[in-house]
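Here the structure is laid out as structure tokens; the discussion comes afterwards.
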Ligand code: SAM
Ligand code: SF4
């Protein structure tokens, strides 16, 4: 049996793409393995959002150069955002790469692999650039890729990502996504619902709907009817064995009241909103072309919390963006202090060739300053996360149990282990329990909190509570294959 290795870097969309590529190659008889040097086909599903993510892939490719010389029949492929962005540059920097395949051509992977094996000629499969044709032509060159799944690649067997939208039309000046993933296109609700029913039939309980600006989802039917995200949530909630629905990532300007009402009104929808703001300074937001002001974002937060009482909200930030003064950075710190985000993802600005920001503005903030601002913002956020977590102590939360925590993975397989799961507000909860609980939703009484984790005790008859759990360092959900989040 031919052996396949795949390494995935980047966002949930890439994790889903890898799951689908593995599914299609498994149907061709490939066996998935976790050791690149032992594989016949070695694939890298890449990310271009920050330079660091690309450099990691080029280093990994460099480590394979001699191996490929020794075993020239092996097939090496670079897939996804970096392939679409760098195109021939991939093979200039790593001439031993056989396949360069963009995000819109992943359906062709089995044929591309066969073609390389047959001809030994390098294969390129790429979409059009955003200005290489009319809108419809460019859209058509980015196929939505959603074939049958490979359950073994999922975060867990009872959780799945479902793509509801591809591409992005926002064109934030710092971001490569509109060119690497193409124009924004919403998938038909019929296809999405069919996929969710299929997943439910396979035992999936939680679906996370994916889109770059997921809350701008809107599908126009042939007869003029429109389906919005709020309608889609209601449709998916009607599938009996789906217990939880999440959606990421939201764009602040597209957070409509009908969506917030659906989040409040539909029990199965998680009360969790990831709505990145990026900066707390209007001048910076303008240079980023984020299309809203800090005042607008603050009002949106108030609206979210009024319409969905108890909702947990999280954000993304870029520090050290072009021209970010100490004063502008302090405004971001103020926004983080007052906004009480459950958590935030904080990134140092990375200039990306081909973006407007890279053309228009010098990357003028020294690396040391970016690092310091990153740490400062992180410590403000961590203090807020700790406050938020302490408020949960004494409450009981419904937790979908995902698997052993990092600590639990090291414990003996027999008997109770430290398990981890998430609440309906996306809080990470850790507790001792019988591994039989994995995949079930159980009540956990929260006893202790750190900035990252809640610790508790199972409240059901399954409870196994020999002794209190020590707050061991930061557990994480287990089970991801070949994934490096960057
Ligand atoms: N579509 C989502 C949105 O608009 O929030 C997120 C997409 S992006 C893949 C994820 C995060 O990466 C962004 O929210 C932003 O904070 C960060 N990011 C994007 N481009 C970046 C860059 N050039 N340098 C540093 N961080 C960046
Ligand atoms: Fe990138 Fe902005 Fe689109 Fe998000 S909304 S993917 S940050 S261009």
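Only the coordinates and a few stated rules stand behind these numbers; no lab work does. What you see is a predicted model, and the numbers here were worked out from it, not measured in a lab. All Cβ positions, glycine included, derive from the backbone under ideal geometry; neighbour counts span all protein chains shown.
Summary of values
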{"read-out": "Least to most buried among 191, 407 (fewest other Cβ within 10 Å first)", "value": "191, 407"}
{"read-out": "Stretch gain in nm, segment residue 261-residue 383, where the contour uses 0.36 nm per residue and the Cα spacing is subtracted", "value": "40.9 nm"}
{"read-out": "Under the Debye formula (equal points on every Cα, no solvent term), log10 I(q)/I(0) of the chain at q = 0.11 Å⁻¹", "value": "-1.00"}
{"read-out": "Residue order, fewest to most surrounding Cβ atoms within 10 angstrom, among 297, 58", "value": "58, 297"}
{"read-out": "Segment residue 369-residue 283, length gained on full extension (0.36 nm per residue, minus Cα span)", "value": "29.1 nm"}
{"read-out": "Whole-Å distance, taken between Cα centres, linking the range 247-294 and the range 217-239", "value": "19"}
{"read-out": "Packing-based exposure ordering (other Cβ within 10 Å, fewest first) of 453, 332", "value": "453, 332"}
{"read-out": "Centre separation in Å (Cα based) which lies between the range 155-203 and the range 79-134", "value": "21"}
{"read-out": "Cα shape, the range 139-278, gyration tensor, a/c 1.5 rule", "value": "rounded"}
{"read-out": "Length gained when the stretch residue 445-residue 413 is fully extended (0.36 nm per residue, less Cα-Cα span)", "value": "9.1 nm"}
{"read-out": "Distance between the range 14-64 and the range 391-418 - C-alpha centres, whole angstrom", "value": "30"}
{"read-out": "Theoretical FRET efficiency, 1/(1+(r/R0)^6), r = Cβ-Cβ of residue 111 and residue 334, R0 41 Å, to 0.05", "value": "0.15"}
{"read-out": "R0 of 45 Å, Cβ-Cβ distance residue 38-residue 188: FRET efficiency to nearest 0.05", "value": "0.65"}
{"read-out": "Sites residue 52 and residue 218 - FRET efficiency at Förster radius 30 Å, r taken between beta-carbons, to 0.05", "value": "0.30"}
{"read-out": "Distance in nm between pseudo-label sites at residue 70 and residue 434 (7 Å out along the Cβ direction from Cα)", "value": "4.9"}
{"read-out": "Overall Cα dimensions of the range 18-83 - principal axes, largest extent first, Å", "value": "35, 30, 18"}
{"read-out": "Fraction in percent of alpha-carbon pairs per bin - 10 Å, the range 232-297", "value": "19, 42, 23, 14, 3"}
{"read-out": "DSSP bridge pairs, the chain: antiparallel proportion in percent, nearest 5", "value": "35"}
